[in-house]
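Structure first, then comments.
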Amino acid sequence: MSPTKTNDSTLSQNTTALRSSRILLNVEDYHQAAKEKLTKMAYDYYRAGADDELTLQENVAAFRRIQLRPTVFVDVSTHSTDPNSCAVTLLNGQTKCSFPVLIAPTAMHRMADDAGERATARAAVRANTVMILSTLSTTRIEDVTAEHRQALKEYPTSTSQLWFQLYILKDREFTTRLVQRAENAGCRALVLTVDACRFGNREADHRNGFRLPENMQLENLYDAGLKQAQSDHVSALNDYIARNLDSTLTWSDIKWLRQISSLPIIVKGIITGEDAQLAVQAGVDGIVVSNHGARQVDTTISTIEALPDIVAAVRQLQTKKKVDIYIDGGIRRGTDVLKALALGADAVLLGRPILWGLAVDGCQGVVDVLEIYKRELKLAMMLCGCASLPNKAKTPSSLIKMPRSKL
């Protein structure tokens, strides 16, 4: 009998069927599935870091070096019986989430799925958590908030909120209008990015000649003169950012922001205890320990290694108003969430994993990724003997063992 001949079309069909039947068990599974679906330009934009991407790798590796110290023979049945066993209250009681995982601000969601930020907002409602909408969104603020309100009608028990991530531009009048649009549309907090006086050196975007697809634009900046910049490749976009991001900003500008908005202010991009104390003294409501997903300056300290110093610095100045501490960067497992909470974080923010879920299956993909984190976090807590979220004690939690410095 002669062997059966298989043509290229059959191979392609078999490969597609294999991919579609793949069981997506964890975030890395979603990452690899998203890589197959996204264009190279979009994938590299989402994935890449600055320069040699050493900090990008270190954000993940640092979590892996931290070890858990389980306690046994503890009644942890609440995690099996109570769907709210991991619920958190943030911003001094103004925000409630079903678990301490929020959606970080990331740009250009429509490159991952045509519904873009609207799909992500709907997923935030279904998962009962916060979505932080990026200034560099490919959907207008008002359209995202409208989708969010509609989803809340469909899921009336959800307490999900939208927050708005802000870049302060040199054009303060435009920035004021942007803030007012976000507040009027229903966003419940401002997340001010403070580590982007310029964009970092992201070489993958230059090699790809990155540009948005012709049917997309940065909707929230279009009125600020971005149309011309979007007509060319990444250099034009970077030139626009260099011309328009305000590099003169100081902590005194928090007072200016207070004058134009009544929303809580969270500053994102803090990586040292010294800056954390300055933020508290400036009167912020929250801090995001972040190195911008390793996309700004390479070889910086990882976020999880920076967290203990920042927690200690904030506690030294803690007033009656609690200042929330969040962290992003390198969080790939529920055990990573547990480690961050044990070191004093109030919640974690997810960036790239949300994009991977969005690329794989739109809104449902984001919901599924968030469910993976919730499931992994609850299991880790049960196996480590945590009947509730780790207590924010004045000393590092006995739940973890920090690695010794190699220096």
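The values are calculated or read from the model by the stated rules, or taken from the named source; none is laboratory data. Computed from a predicted structure; not experimentally measured. Neighbour counts are summed over all protein chains in view; Cβ atoms, including those assigned to glycine, are modelled from backbone coordinates with ideal geometry. Only protein heavy atoms, including side chains, enter the accessible area calculation; ligands, DNA and RNA are left aside. Shrake-Rupley method; radii C 1.70, N 1.55, O 1.52, S 1.80 Å.
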Q | Equivalent ellipsoid semi-axes, region 13-120, via Cα gyration tensor eigenvalues times 5, rooted, Å | A | 31, 20, 20
Q: Take each of the peptides 53-61, 125-133, average the number of other beta-carbon atoms within 10 Å over its residues, and list them starting from the highest.
A: 125-133, 53-61
Q) What does the accessible area of R65 come to, in Å² to the nearest 10, when a probe of 1.4 Å is used? A) 80
Q | Solvent-accessible area per residue, Å², over the chain with all protein chains present [probe radius 1.4 Å] | A | 46
Q. In debye, nearest 20: dipole of the chain around its Cα centre with unit charges on the Cβ of K, R (+) and D, E (-)?
A. 900
Q | Other-chain or far-sequence residues with amide H under 5 Å of V191's (modelled H) | A | F164, Q165, L166, I266
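With the cut-off at 1.5 for a/c, could you classify region 244-398 from its C-alpha gyration tensor as rounded, prolate or oblate? Write down the numbers at each step before the final one.
Working: a/c = 1.87, a/b = 1.29, b/c = 1.45.
Oblate, because a/c is 1.5 or more while a/b does not exceed b/c.
To the nearest 500 deg cm²/dmol, what mean residue ellipticity at 222 nm is calculated for the chain from DSSP H runs of n ≥ 4 alone, each contributing -39,500 (n - 2.57), summed and divided by the residues? Could the numbers behind the result be given before it?
Working: 15 runs with 177 residues, N = 407.
My calculation for the chain gives -13500 deg cm²/dmol from helical runs alone.
State the extension gain, in nm to one decimal, for the chain segment bounded by S398 and R207, taking 0.36 nm per residue of separation less the distance between their alpha-carbons. Show your work: numbers first, answer last.
Values: separation 191, 0.36 × 191 = 68.76 nm, distance 4.62 nm.
Length gained between S398 and R207: 64.1 nm.
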Q) What label, among (i) 31, 29, 21; (ii) 45, 21, 20; (iii) 43, 24, 18, belongs to semi-axes √(5λ) of the Cα gyration tensor in Å computed from the structure on display? A) (i)
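With the Cα gyration tensor of region 257-316 giving a ≥ b ≥ c as the square roots of its eigenvalues, does the rule (a/c under 1.5 for rounded; else a/b larger than b/c for prolate; else oblate) give rounded, prolate or oblate? Could you put the intermediate results ahead of the total?
Values: a/c = 2.75, a/b = 1.46, b/c = 1.89.
Oblate shape, in that a/c is at least 1.5 and b/c is the bigger or equal ratio.
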Q) Sorted by accessible area (1.4 Å probe), largest first, how do W251, W163 line up? A) W251, W163
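Heavy atoms only, probe 1.4 angstrom, no DNA, RNA or ligands counted: give me M108, M216 ranked by accessible area, highest first. Walk me through the numbers on the way to the answer.
On the way: M108 0, M216 25 Å².
Most to least solvent-accessible, the answer reads M216, M108.
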Q. Whose amide H sits under 5 Å from the amide H of M108, counting only residues 5 or more places off or on another chain, with H placed in the peptide plane?
A. S137, T138
Q | Considering only region 74-216, percent of DSSP beta bridges that pair antiparallel, nearest 5 | A | 30
**Q.** Cα-centre dipole for region 16-126 with unit charges at Cβ (Lys and Arg positive, Asp and Glu negative), debye to 20
**A.** 280
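Go through W256, W356 and list them by solvent-accessible area, largest first, probe radius 1.4 Å.
Values: W256 50, W356 10 Å².
Ranked from most to least accessible, the order is W256, W356.
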**Q.** Interchain or long-range residues, amide H under 5 Å from N201's placed H
**A.** D51
(Q) Can you tell me what share of the DSSP beta bridges in the chain is antiparallel? A percent to the nearest 5 is fine. (A) 20
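Looking at the square roots a ≥ b ≥ c of the eigenvalues of the Cα gyration tensor of region 71-122, which shape do they give, rounded for a/c under 1.5, prolate if a/b is larger than b/c, or oblate? Please list the in-between numbers first.
Working: a/c = 3.16, a/b = 2.17, b/c = 1.46.
Prolate shape, in that a/c is at least 1.5 and a/b is the bigger ratio.
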